[in-house]
């Protein structure tokens, strides 16, 4: 990859990766930042190491003397963005707890049913619940 | 740009709700919302274990060449699904970095509110180059790798997913068994 196209790609990934307010970005956007920043280093130092289960992190750590600073920064940023989305999705039911009791009490628990109810009750539920739903990428 | 991204996820997710042949035409923005509302009852009965057995039986029962080999399962083609291309290292189940984004797109679709209640099969397919048994094993390892990435990097609960390799037993283009189009990963909605 030429230097200028790499610069464009990195800039593009940073532009995509800057969310409005507390909104988290999706998994595809978060992980592609990692792929762009670390693709070359992964091929060089972590060939045969697969995505998932912290394997890449462990390998990049082991090779940190040689891994590029661009990859180190890109990896840290990608992990931060992934964790933001994971956390945002996990806290929705907690933040919406009282709204769920009020408006979705009769709904059978199970993935999606309660969230579906909360989405339909957008005009009734609290602002913080609606914000949590938006931040999690559910709207 | 964000709206177009969301629309892309909607389109992706829509394919997992609308069965079979209809799915390809549901990418217009006007139809997307309609197809998401038109939730159809998804037939079950298809499981990873069942498909695995069918595939190994198929290798024994249909020992002929790959050219024009009929698909292992017609039912698979009738279920709500989508197909993606994921690049792996040669003869390996290691996902190449240039395909991380595609795995992330699968995760985004699986986290979409409309799909949260469903379970999915991850199905790995190869072309017909190389040994038939080897292709079956490799495609299973590849499907396993994608499942592991989805459940450990992208917060998809493991109970929603299972992985199966069908090797070259369900060729996408049986008239051209060695063509790249046969190398693919299929995500199939198997109900709730």
Among the residues of segment B:108-119, which ones are facing another protein chain (nearest Cβ under 7 Å) and either buried (at least 22 other Cβ atoms within 10 Å of the Cβ) or in contact (Cβ under 8 Å) with a residue 12 or more places away in the chain (or both)?
-> B:108, B:111, B:117
Here is a list of conditions, (1) in contact with a helix residue (DSSP H, G or I) (Cβ under 8 Å, 6 or more places away or on another chain); (2) within 22 Å of residue B:160 (Cβ to Cβ), and residue A:73 meets all of them except one; can you say which number that is?
-> (2)
If we keep only residues of segment A:52-68 that are in a loop (DSSP other than H, G, I, E, B) and touching a residue at least 12 places away in the same chain (Cβ under 8 Å), then the residue surrounded by the most Cβ atoms within 10 Å (Cβ to Cβ) is A:67
If you scan segment B:120-160, which residues turn out to be outside any helix (DSSP H, G or I) and facing chain A (nearest Cβ under 10 Å)?
-> B:153, B:154, B:155, B:156, B:157
Find the residue count for segment B:168-181, including only residues that are closer than 19 Å to residue B:52 by Cβ and either in contact with a strand residue (DSSP E or B) (Cβ under 7 Å, 6 or more places away or on another chain) or assigned to a helix (DSSP H, G or I) (or both).
-> 1
Residue in segment B:71-99 that is modelled with the highest pLDDT, counting only those that are under 19 Å from residue B:188 (Cβ atoms) and surrounded by fewer than 12 Cβ atoms within 10 Å (Cβ to Cβ) = B:85
So which residues in segment B:59-99 are in contact (Cβ under 8 Å) with a residue 24 or more places away in the chain and assigned to a helix (DSSP H, G or I)?
-> B:59, B:75, B:76, B:77, B:78
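The values are calculated or read from the model by the stated rules, or taken from the named source; none is laboratory data. Computed from a predicted structure; not experimentally measured. Here Cβ is always computed from backbone atoms with ideal geometry, including for glycine, and neighbour counts include all displayed protein chains.
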